[in-house]
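The values are calculated or read from the model by the stated rules, or taken from the named source; none is laboratory data. Because the structure is a prediction, the values reported are computed rather than measured. For neighbour counting, all protein chains shown are included, and Cβ atoms are generated from backbone atoms with ideal geometry for every residue, glycine included. To get the accessible areas, we keep the full protein, side chains included, count just its heavy atoms, and leave off ligands, DNA and RNA. Shrake-Rupley method; radii C 1.70, N 1.55, O 1.52, S 1.80 Å.
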Amino acid sequence: MILPFPCKFPEDAAERSIADVAQARALLTTLAPGLGAALARRRAALAPLITDAAAQRRVQHCEAAVELAYARLALRHGSWGEDFHAYHNEHHILEIFDSRIARLMEHAGVQALSLDDWLLLGLFAACHDLRQREPALYSAGVGSNERASIEEGLRILDLAGFERDRDAHFHTALELTIAGSTFDARPPAQDWEYNSVDLVQSGGALASKLDAKLDKHVPGWREQPAVVHALELALLAADLDTANVAEPFARFVETGTRLCLEREMRCHRSIEDPASALPVFGFLTDGQERFFFELHRFNSEAGRQAFSAAKQANAAPLKALTMSLRARIAIGGRPANGAEVIETLRSLTREIETRGMR
């Protein structure tokens, strides 16, 4: 471990239930055959960089790690288990692994990064949200969910065939990329129920401040090339994690809706409950605007080049959507519940998309 964290997040039931890669693959064969296709696409894209047996070995180990992480998240917080999170589930892995990394690769070219860098970004996609139920405590700015995900991620690397000495740069980079994905989840002081959500009311990804954290807690890190490079990857990984702002507009809106649904679940509110009306409305208006226009920043040059134009294309439609939602609610009166707000949002999104296609 690079950052001075005490190891305190042991195996949980999901980790024990899917204890190794073989068990994960047996489940994936029937429950998630699409992951194999995604791995095959990535392997084909990286083929020009797989030049020897050692490189092939690293690719195989990374695929095994992705499979194990995917299966565990699907069981823990996804479609295979009983604690479904609408956003932080196995499908979010593929959003980054199979979509956003592919967009980055297409924009920058496969030669823009080394084979190991591409593999590490894939490992980040698979492992960065493994844990979502840890108490909201911070150490060196890193959240407890992220620290728990780091610890499990490093155990996954061991099970996938990586060696701590030979493959130390994989362990270092996985730790810092996951750490850098931390958002400060503490709510604001006022209007919390109305304004927004723990996932939105933050100062942005820790990645942009991770160098200062390392200066404080890891003296001499700037003389360690592996750590310096891992920090560069952490900036890019954070951009991939938050690049929902650059998705096609309807998909961007849906990611916000999924975050909203997850937040209401975590607050123990049904969206059918009248008490959910104002929190959902606030999340989908003020919260989304604040995240998009104030809090979100791309941290790496590669991230900016790949995603900033698509984000900018979503700016005007987002303004139009939130203004229309406010107007619709103002005319119709307070919505019955959060479900009504979400249905109105989706209807308005379709209208904006239809106008845009004319």
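The table that follows gives values for the structure above.
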{"read-out": "Pairs where the first residue, in region 329-358, is basic (Lys, Arg) and the second is surrounded by 14 or more Cβ atoms within 10 Å (Cβ to Cβ), C-beta under 7 Å, 6+ apart", "value": "Arg334/Ala277"}
{"read-out": "Hits in region 20-60 (condition: open to solvent by 70 Å² or more (accessible area, probe 1.4 Å), in contact (Cβ under 8 Å) with a residue 24 or more places away in the chain and charged (D, E, K, R))", "value": "Arg25, Arg41"}
{"read-out": "Test: residue in region 217-237 that is open to solvent by less than 10 Å² (accessible area, probe 1.4 Å) and farther than 24 Å from Leu119 by Cα", "value": "no"}
{"read-out": "Pair list, Cβ under 8 Å, 6 or more apart: region 207-223 residue free of Cβ contacts under 8 Å to residues at least 24 places away in the same chain, other residue crowded, with 16+ Cβ neighbours inside 10 Å", "value": "Asp211/Leu231; Asp215/Trp221"}
{"read-out": "Selection from region 260-295 of residues that are open to solvent by less than 10 Å² (accessible area, probe 1.4 Å) and among the polar types (S, T, N, Q)", "value": "Ser276, Thr285"}
{"read-out": "Lone unmet requirement of (1) open to solvent by less than 20 Å² (accessible area, probe 1.4 Å); (2) at pLDDT 95 or above for Glu106", "value": "(1)"}
{"read-out": "All positions within region 312-351 that are over 23 Å from Pro279 (Cβ atoms) and surrounded by 19 or more Cβ atoms within 10 Å (Cβ to Cβ)", "value": "Asn314"}
{"read-out": "Scope region 105-149; condition part of a helix (DSSP H, G or I) and of a type in the set (D, E, K, R); matching residues", "value": "Glu106, Asp116, Asp117, Glu146, Arg147"}
{"read-out": "Extreme residue, nearest to Leu206 (Cα to Cα), among residues of region 168-180 that are among the small types (Gly, Ala, Ser) and open to solvent by less than 10 Å² (accessible area, probe 1.4 Å)", "value": "Gly180"}
{"read-out": "Among (1) modelled with pLDDT of 95 or more; (2) over 26 Å from Ile96 (Cα atoms); (3) part of a helix (DSSP H, G or I) - the single one Glu193 does not satisfy", "value": "(1)"}
